[in-house]
1. Taking the Cα centre of each part, how many Å lie between the stretch C:36-58 and the stretch A:219-271?
2. Rank B:Gly241, B:Gly114, B:Gly122 by mean-square fluctuation in a GNM of chain B with C-alpha springs under 10 angstrom and give only the top-ranked residue.
3. Between the stretch B:119-151 and the stretch A:448-466, what is the C-alpha centre distance in whole Å?
4. How many Å² of accessible surface get buried when B and A come together, counting both sides, probe radius 1.4 Å, rounded to the nearest 100?
5. Tell me, what ³J(HN,Hα) does each residue in the stretch B:76-91 have, in order and in whole Hz, if you take phi through Karplus 6.51 cos²θ - 1.76 cosθ + 1.60 with θ = phi - 60° and put x for Gly and Pro?
6. So how much accessible area does A:Met197 have, in Å² to the nearest 10, using a 1.4 Å probe?
7. Treating the angle as unsigned and between 0 and 90°, give the value, to the nearest 10°, between the Cα long axis of helix B:62-74 and the longest Cα principal axis of chain B.
8. Output the antiparallel fraction of DSSP beta bridges having both residues in chain A, as a percent to the nearest 5.
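The values are calculated or read from the model by the stated rules, or taken from the named source; none is laboratory data. Keep in mind it's a predicted model, so treat the numbers as computed, not measured. No Cβ is skipped: glycine too gets one built from the backbone with ideal geometry, and neighbour counts run over all protein chains shown. All accessible areas refer to the heavy atoms of the entire protein, side chains included, with ligands and DNA or RNA removed. Shrake-Rupley method; radii C 1.70, N 1.55, O 1.52, S 1.80 Å.
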Amino acid sequence: MKKPITGLAVTAAVAAAGLALATAPAKTAHAKTLVYCSEGDPSGFNPSLFTDGTTFDASSRQIYNRLVEFERGTTNIIPALAESWEVSEDGQTYTFKLRPGVKFHSNDSFAPSRDFNADDVLYSFERQLLEDHPFHTVSGGTYEYFAAMSMDSLVTSIEKVDDMTVRFNLSRPEAPFIANLGMDFASVLSAEYAQQMLDAGTPEQVDLAPIGTGPFVFVDFQPGATVRFRAFDDYFRGRSPLDNLVFAITPDSSVRFAKMQAGECHVTLNPNPADLQAMADDPEIDLIQREGLNVGYLAYNTEKEPYTDARVRKALNMAINKQAIIDAVFQDAGTIAKNPLPPTIWSYNEATVDDDYDPGAAKALLAEAGFGDGFETDIWAMPVQRPYNPNARRMAELIQADWAAVGVTAEIVSFEWPEYLKRSKDAEHQTLLLGWTGDNGDPDNFLATLLGCDAVRGSNRAQWCHQPFEELVQAAKVTADVDERTRLYEQAQLVFKEEAPWATIAHSVVSQPVRAEVIDWKIDPFGGNIFYGVDLAE
Amino acid sequence: MLSFVLRRLALVIPTFFGVTLVAFLLVHLIPGDAIDVLGGERGVSPELRARLMAELGLDKPLWQQYLIYVGNVFQGDLGISTLNRKPVWEEFFARFPATLELSITAILFAIIVGLPAGIIAGVRRGSAFDHSVMGAALTGYSMPIFWWALLMIFFFSVTLGWTPVSGRISVIYFFDQPTGFMLIDSLLSGEKGAFRSAVSHLILPTIVLGTIPLAVIARMTRSSMIEVLSDDYIRTARAKGLSPFLVVNVHALRNALIPVITVIGLQVGTLLAGAILTETIFSWPGIGRWMIESIGRRDYPSVQGGILLIASAVIIVNLVVDVLYSIINPRIRYAS
Amino acid sequence: MATIDTKIDADVPAVAHEPPAPPSPLREFWERFSENRGALIGMWVIVVITVLAVFADVVAPHSPTQQFAQFQLLPPAWQEGGQLSFFLGTDPVGRDILSRLIHGARFSLFIGLVVVTLSLIVGVALGLFAGFFKGVVDNLIMRTVDIMMALPSLLLALAVVAILGPSLVNAMIAIAIVVLPQYIRITRAAVLAEMTKEYVTASRIAGASVFRLMFINILPNAMAPLIVQATLGFSTAILDAAALGFLGLGAQPPTPEWGTMLADAREFIRRAWWVMTFPGLAILITVLAFNLMGDGLRDALDPRLKK
């Protein structure tokens, strides 16, 4: 019976600490508090341990900085904790010059004695890279994104050249490397804090009570209810005009909209497509939209009959009325996709010709492939809402009706999310709906990650390994020259279209309702919510 | 009396064991695991999967995992959430007060409205009041609770703007929560308007969660009342010329309440089941929502621990109800 | 419930042919049942729903799965912009809601029937064994019942469906499992009560077989509470199936099951109230009807409430 008592005591102590920190801003006369209605609990406060956007919103995007970052609202890379960097001739050595005078946050168990320096960069990356690092296994030690971006095989060593210079040595040239460093998992934590907590015997504190250099200081987290932050006075880009930032955790999207109308939150995310019109009509709410960095697709399992035949895939593509899907599923907040890349990414091939909706031609092509009488198949529909597909079951219903018109009888299949992911990775499906939101704005992150041979039985749900495509994508990966890479990727997209392993359905338009008093809100192409730079009108 | 309680307690132990086994089997038999969730659309490399399996202890045979789990449970260790690596105890107690508070207000609401309604309906059997109460009670009992909640939100929060949409208190209030009960903590905080805000957030979830218990209590009270009023001793009391008020309140009510208490006790299970849907819709940061989310994430330790603790709560409440019942009605002790 | 209705229909004329005989128990039951207006209403509503369900193909104006792309989210006929041919409006992919509701009645009744039949057969068998054999069998069964009763039923159903995979059939199995304890307890209690009675002791002494005792002597005496429980079981089953459907674990699209329709319509709560309102109403009315009838049956069968 010891456990619950300690548990309660800890909770009480944390709550008391939170009180001490928070009473000040709450009682200030004109404190500006922005409330953001978020979708769920953050899994933790160290972004390198997790992969979900909800966690990143509550950690990397407010509390931490990275060596390089994406300019808010764009996919452009800008200097952050690194002022500048150089790449060696062979593309295997990156040297970063660090920014001086950057301060860390403090909390009641830690006050920084020094500014940010090379040790912090080494700590943050070596923790993830080196298996014998004292922090490698702390808090579970699953550096999922680090591994997913192949950083573990890519980075051979990280050197501290001097206090303000860091060098990364790579095992091979990798064009997307700098973009990777802008991702959430590459956030920089305080080495000094880590050392202190390690000495105190509570290393996991580093991940629970975060200390960063970012624009907001972590104050308190109440599971299922709120996450609270306050502005960091010494932020190196200047203090945020907001004094307090509160995440009100609200999983249901209709409830989030209701709260927004009631003035209970200023910003929210993932609105119901069905509510978009009402939001646009509401004078107190600005509906901000931009094309998302995503693609929603239907993948054919190219290992299974009859989808081994490109003609069948092509024919079914032509049978799908994508415009009807855009209307009914996306409620017009989407555009028809013809490439596996969204048009917001460089190297998007404008010249690609889509398989236009033509049931007659589809029927003819099916007959040519020997399926004049149609066949039976399945459509797997995801059980969850995603930006690239707000309602997969409804999309499946529409496709089912479209295919029925060309004689193909499809059964809609759904599983709970974890089972869906598992079974589809194991290629149990015949056709399945899924999608992707970009991580770093690099075409490689779509084409190689989703359609490369290495990703078969992984994120390549079409199980499609096609040599001509693979060669183009691999060549682009080790090429530094952007024009040359663009050419290779454009060609790859044509090969993709010819072979049709997917029916590319849509790129969604990401919509975010914000209240009219919110100043300068920008939608993050990566799906994040970034509050530095945002203000509230009085 | 003591032997009765002891006998009942002895029955609890195998039940408790059974619950650990059922909870364990249930979560482990669900296809897909925490690592699949972690991987998302991308998936997890076989190497990382192997490492994680070993680390989470999932690489051992199922029976070994179970023995380890039970062993830990009896040392008071419910394990660590695979999601955020926090102890399950801590996760549970961070959310339990929210569920408890809502359940208490819901059952109080059900009793305060249902009991008098049932009594009056029973006394005035066949009257218009009786018919309308019973009609309403049956409707409430037949209500799909999630639909009811959405209608209430749509009507009272969205259309009329009378109550907040979700959550436990407006986010502008931020204070220490020594008890975890928002009503008490908001009073203790001394912040102006905090209590009011907490109350207004509680109203809709309380009504929604209290609807079914309310219907059950009203119906039970009524039929129990009718039965008692037709008993001989009541007729005698009436014949003796005792005032109807006295007859109902002193003689009949005491006896009529016996089955009602049992029913209220049995509602605890219903409340927890209802709480799953109610909490999900009202974004109430309680146990029900946590369970649903944990199942969705295949967070085995959290689901197992949560089920175990919920079941323990139900078992304890049932035990208390049994004992109370046997005190009020001694016959039951010998009957079973 | 169909069995009861047909029995009544079959028996009433039979009795009429022999006026001098004492009123049969069924007739007595029917008289008491028909005194209860609510119960009668409930029964008739169920009859209407059953007829609609059986003849859905003829009655429904459209196919439940046909998508009228040009008529998405059409309001009900009496609202501006509504059309008479889509009386209750259309859903987001342009299907007629009225037709879906009528076809959905099939699923709801089917769910009720399957769940009640399954749980009745298994529950009664287990309850009989527990009450009759006592000892180890009883202990084993009743401890399992205790365990199941300690778990919140929806959570249990949720987990079972997650294990089996989301589908209508699996949802029915899950619900049948979850409601088992009630049938077991009722049967067992009735058996225990009957076992002490003299006629049982007498037939035992006379050497009646265990099987005969169980099914011929004891079970009929436990019928009344079981019939009531089974009727109410319909409503529980329909509600639970809708809840599972609402959580995305029940029937899969494009099946017009009411709970699944609700889940799908949730996002339209403020833009198209009809998509959300009518399936909920359909569930409420059906469940209410079964509860009304269950109440009437209880009153008619429960000797304690005899006047």
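1. Centre-to-centre (Cα) distance: 51 Å.
2. B:Gly241
3. Using only Cα atoms to place each centre, the spacing works out to 59 Å.
4. About 4500 Å² of accessible surface is lost on pairing.
5. Whole-Hz 3J(HN,Hα) from phi for the stretch B:76-91: x, 10, 8, x, 10, 4, 6, 6, 10, 6, 9, x, 4, 3, 5, 4.
6. Here the accessible area works out near 10 Å².
7. 60 degrees
8. Details: 56 of 72 bridges.
Rounded to the nearest five, the antiparallel share is 80 percent.
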